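Bear in mind these aren't lab numbers, they're just calculated from the coordinates by the rules spelled out. Since we're looking at a predicted model, the values are computed, not measured. In this analysis, Cβ positions are derived from the backbone assuming ideal geometry, glycine residues included, and neighbour counts consider all displayed protein chains.
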Amino acid sequence: MGLPIKRGIERIPGGMVIVPLTLGALIATFALQGAFRYQALDLARPGVRPHAGPLLYEKMFRTPYAVVRAAVDTLAEDGKAPWSVP
């Protein structure tokens, strides 16, 4: 006579290792994160500069944010942007 939980775990290949590891990862991810788990969704945020410092593409490609923003706005107005609805 085995425990019902143990029988269920043993049905899964590698279950005695996989199930406890998965449960531990889920607990660590969702239960222990507290208020920092999710970032608030603001639909106006993509339209503003992410931060005041230099952005990665500004450093790598020497392209200012204003140039990139103008190009993205042009794509959005033309309906050619991948996120625009036809």
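Details
- Ordered by the number of other Cβ atoms lying within 10 Å of each residue's own Cβ, fewest first, Val48, Val72 fall into the sequence Val48, Val72.
- The length gained on full extension between Arg11 and Tyr65, counted as 0.36 nm times the residue separation minus their Cα-Cα distance, comes to 13.9 nm.
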